[in-house]
Each structure stands twice: as structure tokens, then as C-alpha cells.
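Just below is one structure, and these are the notes that go with it.
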Amino acid sequence: MAEAQGNREPAAQDFHSYANPAAVRVRHLDLDWDVLFDQKILKGTAVLTVDRISPTQPLILDTRDLNIEKVETSLDGVNYSPATFTIGSSDKILGASMTIPLPAKANRVRIHYSTAPGASGLQWLEPTQTAGKKDPFVFTQSEAIHARSWIPLQDTPQVRVTYTARVRTPRQLLAVMSAENLSGPARDGDYSFRMRQPIPSYLIALAVGDLRFKALGSRTGVYAEPPVIDLAAKELSDTEKMVVTTERLYGPYRWGRYDILVLPPSFPYGGMENPRLTFATPTILAGDKSLVSLVAHELAHSWSGNLVTNATWSDFWLNEGFTVYLERRILEAVYGHAREEMEAALGLRDLNEDLATLPDPDEILHIDLKGRDPDEGSTDIPYEKGALFLRHLEETFGRARFDRFLRSYFNHFAFQSITTEQFVAYLKLNLLSKNPTLAERVPVDEWLNKPGIPASAPKPVSPAFARVEEQAMRWLRREVTAEKIPTAKWTTQEWLHFLKFVQDQVSKGFVGDRIVLSVPPGTAPPAARMEELDKAFHLTRSGNSEIAFQWLLMSIRNRYEPASPRLEEFLLSIGRRKFIKPLYEELAKTPQGKERALRIYARARPTYHPIAVASIDEVLKWKS
Ligand SMILES: [Zn+2]
């Protein structure tokens, strides 16, 4: 048998949790909070229902900076008696353990506590940081190990829990969670939620703000602040179609509703796949649906990640590699093959950039993260290398066979958290051993355990990009002026490829302002050529966040000063780590740039999310 039956084997050691689920396992949470904006804290109780596998063992939880008031235990969930607890010493990455001895037969623990104003999993926004400017806002980001900063729990993806929550907020605000809303449409500052499917702790999510809702389909919709809601609903109108498409590919959507919450711009990620309610950055609202691959990605997590979950953060590629692969399949089905291949080509490019700079151990899919912050594992390796591995399997075994394999994989491991070893065992049993000749063509061990990518890896090619490169070369060689480049029908993806390709060529041809290679003598220095592009295409003012980001990155590299005010505005208004980290890194490459970066960061830092702050502090060696 590939799997043990029924008994919950501990999947693998999770180096990022103190918990002891093999002895005492939390299976349900009842949460109750007051959301106190003036103090920037959540204050209330968490009732944990536990299974006692080793009846004499204490319950061990993960916490970070929680203020624990008192702890009680209960045998019946009605009568509670005071209990003792000890908090271990605090580790910078892991936080502190909390050990609670349990009386015989006790199966509930009630913890009265409040969060710290600087909790790493919460971001409190002043009204000025919101679109509406009138009300404060708070949202959570629990992945990877930040749930412990707002709930005392077993913060490991191998423990799955159901939960209920009651949340009291200022009357004019609305609370939403990664759960079913039981309170109906009334906005009265008292909200109840229930999540009936067992989920890992990193998917517990809460947001409170002046939110409006608009339906997109019978089971899909969007939440956003009033100034953003109409734009968001328009941009995300293909969501229902995406859900239907994914169900056709990989089986039923099992979470009831699929809604999207568009957050204020300080959200540190593109999106977070909180079940039933994806959290998304407003920077995907480009006005032309060109950046909705993010929705395909977060939706795909409803299968890969939320349904079948990585058991430890070393298995993160099981979440993200599968999800990027699914995302591209959804894009292909909804927007066509050409769009999908452009995204795949851009993905490969990002992967190659990472492979050029990361140390060997960090290029391994099944990465060793012992002693490290799991947020550091969030490079393009688990995402793009993981997706490329699955694409290799698809191309080798054929789409029909591989799709059948994936459908059975999602069914087989539904609502479980699994390790890379469990995936490999299932893959061998259900795909490789059934087609041994084909199996020889995919070096599974090399994909999972070696740096770099195998020589036989798929190579996505985009004919549209080849045409863009031709045009770019003609412009670089001054055979055409910028206005003459036929850009009218270019998509965002073609623009991004154009800019990256031009930068590559310029980088190859220039050291500082000196021509050293293939670019013909007499070619103007980059800044002048940047100006030509800007005049023709108004790139400095681009309202598309991806294009603006790419352009600003080039502007720093080529010392194109007219983009400086926009760069500053961008860094002061957007907190998405994918954008701001490379911009600060690029600035920090010169002493002058570093000085400028520090000046901007001093103003921006209080508006960034704790996760983004941790990253940028590191880039700029910031001492607070
Ligand atoms: Zn993802």
C-alpha cells in the first residue's frame, strides 16, 4: 500500500513548528475577537478542540508576540477550569512555543489573549493608506508561518482544522474571512463565520474595512473598497468562466463560493489563496484584463495547495509548481494558446534569472529550509521550476494521460497535507510504472533533488515574442524610430518582453555608458534611447503596474532621470514585494542610488507590510 489507512501518521518533521501533533492534535478552532483599531490589536479568545493521541502528553502550540492573559481547559466544552502554561524562549524566525499540560480527558483549551500591535501576520492601515481615505483597514497574511502571530495554534501545514469565528468591528465596517459568512448582508459590526472543511493554519484569514460586494456569477464575487469596486468587478468578470474551466480540467470546486477581496496597495503579495476568498493586490487591475493570470493562479490553489497541501515548507513546490502549471492551463483554456505560451516564456525567463544568481542548494525543488525563514524559499524555483517539471511530465506522457493522473491525484489526496516523498510514491505507482519506456525520459530525481534544470526540460516558445524581438532589434539598430514600431496590438506580455529584451541588448552592449560590444558605434547612450521610447509610448506614466515596474527598473539601470518622480511615487504607494524589492535592490547598486533608496524608504517603511519591511530592511541593511 502506498498510504497508511486511517491512522494519521505524522507526515514529516516540520522544522518551522514547535507543535507535537503526533501526540496532541488540534482539529477545530472557535475564535472570538474584538478588532481594536485604536490599539491595533485583536483581543479575545481561541478555543482549541484537540485529539489526544498520547493521553499523557501536553499540548504544544506556536505563538509569536502574543499577550496571553489566561488559559482554561474543559472536558465538555461547557465548564472550564483554570490551567497553567509555559511560554518558551522566543526565536527570531519561529516565535515561542506554548506548552499547556492537559488534565485526563480534557479535550478543549480556551486561551484569552491579544495580539501585538506589530504582529507579523497583521497589517493595520491608517485611513490615508486606503482607497476611501475615511476608515482604517486591517488584513492578515498567515503564509508561511505568521498565523501564530494572531492565533495561538499548531502552525504547521500538516495540521488541518475546521473553524468558526465571531468578529466585532466598528459598526460601519465589514469583516470577511476565509470561511462562510453566517451573518447575512447586515452591516452591524458583529459577524460570524464557519469553515467546515479542514484547512491548514496558513489559510486562516481575516480582513476588516469599508468593503462593498459585487456578484460576478452565481457563486463568484468581488469585495473591494467603494472607489475600487466597479473597476474590480469589470476587470475580474471572467472569474466564473475560470472556475467552470478549472472544474472541467481537474474536477469539482469543493469550497462552495469563490470570491476575491481586492486589498489596498500595501498588500505585500500578488495574491493569497485564502479558501473561498482570494486576497489580491489592486495592482492587477490594469483595465484590460491583462494581469488576471493572478486570479487563475489563486483559483488553481483551490485544488493544488488548499485541497492537497504541502506537509512542510520544504515541499512548497507541491503547492506552487502545481499551481503555476494549472494557472497556465486555465489561461490557455480561457484566453488561448498564444497567451499561455507568452506567460510560459516569461516564466522561463524569470526562472533563468534566478538560476543565474541563486546558490546551488536554493535551486533544488525539494529544498532544505531547516534553520531558515520559509518566506526565503519563495523564489521562482518552487513556482517556475516546479511548473516546468509538470510540463515535462505532460509532454512526455501526453496531455490526456497526465490530466487523468492529476484528477486522480487531487481526489486521492483531497484535504490532506503531503510530502514530496508521498507525491513521488504516487507518481511512480500511477504514472511512471504504468509507462516504463516513457518514464525513462523524465529524470525525476534530478528535477526534485538537483540544482539547475535538466537538459531535457521543455522550452516554451512564443512566436509572438520572436516578432517582438525582431522589432526591438530593428529599433536598436536605428532602422526604425520608436513611433514606427507596430505596437498597436501588443498585449501587456509583449510589452514586458520588449522592455526586457531591449534591456538585455543594452546590457550586452554597454558597460556604464561605454559601447563594448555588438551595438554599432555612434549609438546614443541608453538614457537618450529611453527618452525616445518614453516620448513614443508614455511608459513613465503607464497605468499598468507590471509595465511601469519594468520601465522603472530600466530607468534606474540606465540613469533615466525623468522617471525619478514616478519611481518615488510608485515606491511610496505600492507595497507589493515583487515590485519594490527589485527596485530597491537596483537602487542600492550605486552609492548615490543607495542614498536615494534610504531617503525614500524612510518615508515608505511605515506604510509597508511587516513581510515587505523584513525583506527591504535586509536589502538596504536598514537599522531601525
Ligand atoms: Zn501561489
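The values are calculated or read from the model by the stated rules, or taken from the named source; none is laboratory data. These numbers come from a predicted model, not from an experiment. A quick note on method: Cβ atoms are made from the backbone with ideal geometry, for glycine too, and the neighbour counts reach across all protein chains shown. These accessible areas exclude ligands, DNA and RNA; they are computed on the full protein's heavy atoms, side chains included. Shrake-Rupley method; radii C 1.70, N 1.55, O 1.52, S 1.80 Å.
Numbers for the structure displayed
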quantity: Inter-site label distance for Glu126 and Arg605 at 7 Å from Cα along Cβ, in nm; calculated: 1.6 nm
quantity: Å² of accessible area per residue within the chain, as computed with a 1.4 Å probe and no ligands counted; calculated: 40 Å²
quantity: Mean shadow area of segment 349-416 over all directions, Cα convex hull, nm²; calculated: 6.1 nm²
quantity: Helix 577-587 vs. the chain, principal-axis angle (Cα, 0 to 90°, nearest 10); calculated: 50 degrees
quantity: Within the accessible area of segment 322-373 (1.4 Å probe), percent carbon and sulfur; calculated: 51 percent
quantity: Inverse of mean 1/r across different Cα pairs in the chain, Kirkwood, Å; calculated: 25.7 Å
quantity: Other-chain or far-sequence residues with amide H under 5 Å of Ala116's (modelled H); calculated: Asn67
quantity: For segment 474-482, Karplus couplings with θ = phi - 60° (6.51, -1.76, 1.60), whole Hz, Gly/Pro x; calculated: 4, 5, 4, 7, 6, 7, 9, 8, 4
quantity: Chymotrypsin sites (Phe, Trp or Tyr not before Pro) within segment 399-508: DSSP coil, no more than 15 neighbouring Cβ in 10 Å; calculated: Phe415
quantity: FRET efficiency, 1/(1 + (r/R0)^6) with R0 25 Å, evaluated for Thr357 and Glu595 via beta carbons; calculated: 0.55
quantity: Of all DSSP beta bridges in the chain, antiparallel share, percent nearest 5; calculated: 80 percent
quantity: Other-chain or far-sequence residues with amide H under 5 Å of Phe137's (modelled H); calculated: Leu125
quantity: Pairwise centroid distance, computed over Cα atoms, of segment 431-461 with segment 333-368, Å; calculated: 16 Å
quantity: Spatial separation of Cα centroids for segment 186-214 and segment 77-148, in angstrom; calculated: 16 Å
quantity: Chain lengthening between Asp373 and Glu568 when straightened (0.36 nm per residue, less Cα-Cα); calculated: 67.3 nm
quantity: Phi-based couplings in Hz for segment 286-298 (Karplus 6.51, -1.76, 1.60; Gly and Pro marked x); calculated: 8, x, 9, 6, 6, 10, 7, 4, 4, 5, 4, 5, 5
quantity: Length released on extending from Met473 to Leu182, taking residue separation times 0.36 nm less the Cα-Cα span; calculated: 98.9 nm
quantity: Cα-based Kirkwood hydrodynamic radius, segment 225-345, one decimal, Å; calculated: 14.6 Å
quantity: Amide H contacts under 5 Å for Thr419, placed H, 5+ residues apart; calculated: Ala311
quantity: Share of carbon and sulfur in the accessible heavy-atom surface of segment 245-315 [1.4 Å probe, %]; calculated: 51 percent
quantity: Whole-Hz ³J(HN,Hα) from phi, Karplus 6.51 cos²θ - 1.76 cosθ + 1.60, for segment 384-393, glycine and proline x; calculated: 7, 5, x, 5, 5, 4, 5, 5, 4, 4
quantity: For segment 316-436, Kirkwood radius (reciprocal of mean inverse C-alpha pair distance, Å); calculated: 15.4 Å
quantity: Tilt relative to the chain, helix 316-335 - C-alpha long axis, 0 to 90 degrees, to 10; calculated: 60 degrees
quantity: Carbon and sulfur %, accessible surface of segment 1-122 computed with the full protein complex present, 1.4 Å; calculated: 50 percent
quantity: C-alpha long axis of helix 564-573 to longest principal axis of the chain, angle in °; calculated: 10 degrees
